[in-house]
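Working notes, beginning with the structure itself.
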Amino acid sequence: MQLVQIAPPPLGAAEPGDCIRTFVFCANLAAQEACGDAAASTTTHRVLQGLRGSSEYRGYLFGVVAHPPTLGEVSSLGFVSVPAAAPSPELDCEGFINISLPLKEDTSTAEIELVFAPEYLPLPGEEFDPDARELALWMARTALDLVRRLGRDIAQVGLLHPPGLSSQKDALAGVYAELGFELRHSEQQLVSEIASNPVTPLITPGLSAQVWPDYDIPERYLDDVTRLLTLATADSHHGKLTVAPQPWDRERLAQARSRIRVRRAHTLLAAVLDSDGQVLALTELARQEDADPQVCEWTLTVSDRSYRGRGLAMLAKLVALHKVNAYWPHVRRAYFSLAAEDKAMAAIYAHLGAKVISQASAWEKKLR
């Protein structure tokens, strides 16, 4: 087996090449096998944007082939390079190695994703056949070598499993465990329905609510918002994963606003405020223009530490659900991840009628 590196596309509109279409098909097949929901799918646009990178992440994508092209530019890592954008050569890829490098937080870490061609992908709960296991081991070892070459000390992987299936019974988890990865975190993926005419939330005297689309936040609230985003980052549940959260400030928020425009993404930030206009709680919904128009995602919920336990997080969510149809009229489902130890959010989502569609495990290996 050998690697070809898939080069980032140029800025502006780009038609995805054959290699990107193949990667998206294989990645979506694996995700949908695990959760049985088409909303788990990614898109060619999102993959192309990931390869272009941003102030937060840099992405690398490699195709695994038996016979790489004999002609083509050589990448800085020494691999034959093929363009992500059309026209690109047709490749008979047996799998893909996708590596993301965080640039703001967790800057010692690399995130690895291994994606297999359909003939090598086992059904959930089944083992790899001998040829597929040999390929998986080769890809995992090669990914670790790439992580070292890219200057990172920690490799992390996330695996998706059907509800009720132990992560220990996942074929790829067995490969990672053999190479020294340790299980460090577990989550569930859930979905809740969004009513076309949601109930108006009851806001008690002394409180008010505002909703800000696409980070269009009035200047007077920016410092409160960045403070709560910093809290959300610091207080997120990561199990035993190695993390290095960094604070939010106005510059980082401005970069996030610019980034969602480039990615054709949208956000809806709902805030609960006190009588002095101080922001006490935030929750955020997000969606992609090129994704299923009925789908959005809860990406964060946070309350000021001194105001927790007063129902403000739930109120923020009810405000967001009440307003979402005014901004995204076709959205009918909200997806989210829930850490096993996050009992407070579990109670909120149970109240919203959420149901589990899959579970995830996060694995880590320190390389030095």
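The values are calculated or read from the model by the stated rules, or taken from the named source; none is laboratory data. Note that the structure is predicted; figures quoted are calculated from it, not measured. Please note: Cβ atoms are built from the backbone with ideal geometry, for glycine as well, and neighbour counts cover all protein chains shown.
Looking only at the stretch 239-264, residues that are touching a strand residue (DSSP E or B) at 6+ places or on another chain (Cβ under 7 Å) and at pLDDT below 90 come to 2 in all.
Only residues that are over 24 Å from Gly353 (Cα atoms) and either without any contact (Cβ under 8 Å) to a residue 40 or more places away in the chain or not in a loop (DSSP other than H, G, I, E, B) (or both) were counted across the stretch 178-198, and they come to 5. Against the list (1) under 29 Å from Glu182 (Cβ atoms); (2) touching a Ser or Thr at 6+ places or on another chain (Cβ under 8 Å); (3) of a type outside the set (D, E, K, R), the condition Ala344 fails is (2).
Selection of first residues in the stretch 259-273 that are touching a residue at least 40 places away in the same chain (Cβ under 8 Å) and of second residues that are basic (Lys, Arg) and crowded, with 16+ Cβ neighbours inside 10 Å, restricted to Cβ pairs under 6 Å at least 6 apart or on distinct chains, gives the following pairs, ordered by first then second residue: His266/Arg287. Filtered by the rule that a residue be among the hydroxyl-bearing types (Ser, Thr, Tyr) and buried (at least 17 other Cβ atoms within 10 Å of the Cβ), the stretch 223-264 gives Thr226, Thr230, Thr233. Among all positions in the stretch 49-63, there is at least one residue which is over 28 Å from Glu297 (Cα atoms) and either touching a strand residue (DSSP E or B) at 6+ places or on another chain (Cβ under 9 Å) or modelled with pLDDT under 85 (or both).
Please pick out the residue among Arg152, Arg141 that is modelled with pLDDT of 95 or more, within 21 Å of Ser54 (Cα to Cα) and either assigned to a loop (DSSP other than H, G, I, E, B) or charged (D, E, K, R) (or both).
Numbers: Arg141 fails: within 21 Å of Ser54 (Cα to Cα).
Only one candidate passes the filter, namely Arg152.
I need every pair where a residue in the stretch 339-356 that is farther than 15 Å from Ala316 by Cβ has its Cβ under 7 Å from the Cβ of a residue that is modelled with pLDDT under 90 and loosely packed, with under 12 Cβ neighbours inside 10 Å, sequence separation at least 6 or different chains. From residues that are farther than 15 Å from Ala316 by Cβ, there are no pairs.
With respect to Thr70, determine if the residue is assigned by TED's automatic domain parsing to the domain that holds Pro8 and without any contact (Cβ under 8 Å) to a residue 60 or more places away in the chain. Before the answer, list the steps.
Details: assigned by TED's automatic domain parsing to the domain that holds Pro8: yes; without any contact (Cβ under 8 Å) to a residue 60 or more places away in the chain: yes.
Spelling it out, Thr70 is indeed assigned by TED's automatic domain parsing to the domain that holds Pro8 and without any contact (Cβ under 8 Å) to a residue 60 or more places away in the chain.
Take the conditions (1) in contact with a Ser or Thr (Cβ under 6 Å, 6 or more places away or on another chain); (2) surrounded by fewer than 17 Cβ atoms within 10 Å (Cβ to Cβ); (3) closer than 22 Å to Pro293 by Cα; (4) touching a residue at least 40 places away in the same chain (Cβ under 8 Å); Cys35 misses just one of them, which is (2). Selection of strands (runs of 3 or more DSSP E) fully inside the stretch 199-314 by the criterion of at least 3 residues being among the hydroxyl-bearing types (Ser, Thr, Tyr) and outside the structural domain of Lys104 (by TED's automatic domain parsing) returns 295-303. Residue pairs whose Cβ atoms lie under 7 Å apart, sitting 6 or more positions apart in sequence or on different chains, and linking a residue in the stretch 116-127 that is closer than 17 Å to Phe23 by Cα and in the same structural domain as Ile20 (by TED's automatic domain parsing) to a partner that is modelled with pLDDT of 90 or more and surrounded by fewer than 18 Cβ atoms within 10 Å (Cβ to Cβ), are Pro118/Leu29; Leu121/Leu29.
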